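The values are calculated or read from the model by the stated rules, or taken from the named source; none is laboratory data. Computed from a predicted model, the values in this text were never measured in an experiment. Reconstructed Cβ throughout: ideal geometry from the backbone, glycine too, with neighbour counts over all protein chains shown. The protein model used for the area step is the full one, side chains on, heavy atoms only, and it has no ligands, DNA or RNA in it. Shrake-Rupley method; radii C 1.70, N 1.55, O 1.52, S 1.80 Å.
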Amino acid sequence: MTGLFEAIRIRRSGFSYRATFRVFVNSYQILVDGLSLKRQKGQTDRACCIDIVQHIVSEGLLDTQLCHVGTTKVFLKTNANRLVLDRQKAARVTVYAIRIQVFIRKFLAKVRANRDVYERRKEKARLEALERARIEEVERLARLKREEDERVADERGRKKRKEDHLFPTQ
């Protein structure tokens with residue numbers, strides 16, 4: 001029971017919302033552009049919390065008396081202040097979701113356009129292949145006809161020579 005009274009006393013005395021640096025940064029880093037890159041490069045969670053608090057104060061979302069960065073935690077005066085940050089976070093998430101949707105829609109439009117181009121090229125290649133096959137068939141038939149004509153002419157020539165040999169004309 002004393003834990004409950006202690007919590008009530010702490011909340012009455014000042015800052016009702018307390019979050020460790022890691023929890024606060026993970027929750028609200030979306031509010032500051034480029035903060036996730038700074039974290040990846042090794043910026044401490046405390047420094048990130050300071051950046052977030054400075055940003056929300058400079059944006060006019062909260063007053064400096066309503067939020068404070070301690071040695072291990074970030075403090076907000078009331079849960080209503082946390083609600084302000086949560087609304088801002090939701091707005092940012094919506095903006096990023098719309099950006100992602102735009103990129104995906106662009107990508108899908110390009111895929112569809114490229115699919116149409118691909119289908120046209122594929123059909124053109126198919127028609128060209130058919131035309132090449134037709135030309136090759138015509139050339140093959142012409143070659144066969146030539147060979148047949150040569151064979152017939154050759155046969156006639158042999159017959160003629162044979163007749164000339166059997167029945168010489170003097």
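Just a few scattered comments:
- Of the numbered criteria (1) within 30 Å of residue 49 (Cβ to Cβ); (2) at pLDDT below 85, the one residue 100 fails is (2).
- Search result, residues across the range 28-49 that are out of contact with any Leu (no Cβ under 8 Å at 6 or more places or on another chain), surrounded by 15 or more Cβ atoms within 10 Å (Cβ to Cβ) and assigned to a helix (DSSP H, G or I): 30, 35, 38, 39, 45, 46, 47, 49
- When residues in the range 5-27 are screened for being open to solvent by less than 70 Å² (accessible area, probe 1.4 Å) and either modelled with pLDDT of 75 or more or among the basic types (Lys, Arg) (or both), 8 of them pass.
- Residues of the range 33-92 satisfying the condition of being in contact (Cβ under 8 Å) with a residue 60 or more places away in the chain and out of contact with any Gly (no Cβ under 9 Å at 6 or more places or on another chain): 76, 78, 79, 81, 82, 89, 92
- Residue count for the range 50-65 satisfying the condition of being open to solvent by 60 Å² or more (accessible area, probe 1.4 Å), more than 15 Å from residue 78 (Cα to Cα) and assigned to a helix (DSSP H, G or I): 2.
- Among residues of the range 66-79, those that are open to solvent by 60 Å² or more (accessible area, probe 1.4 Å) and in a helix (DSSP H, G or I), counted: 1
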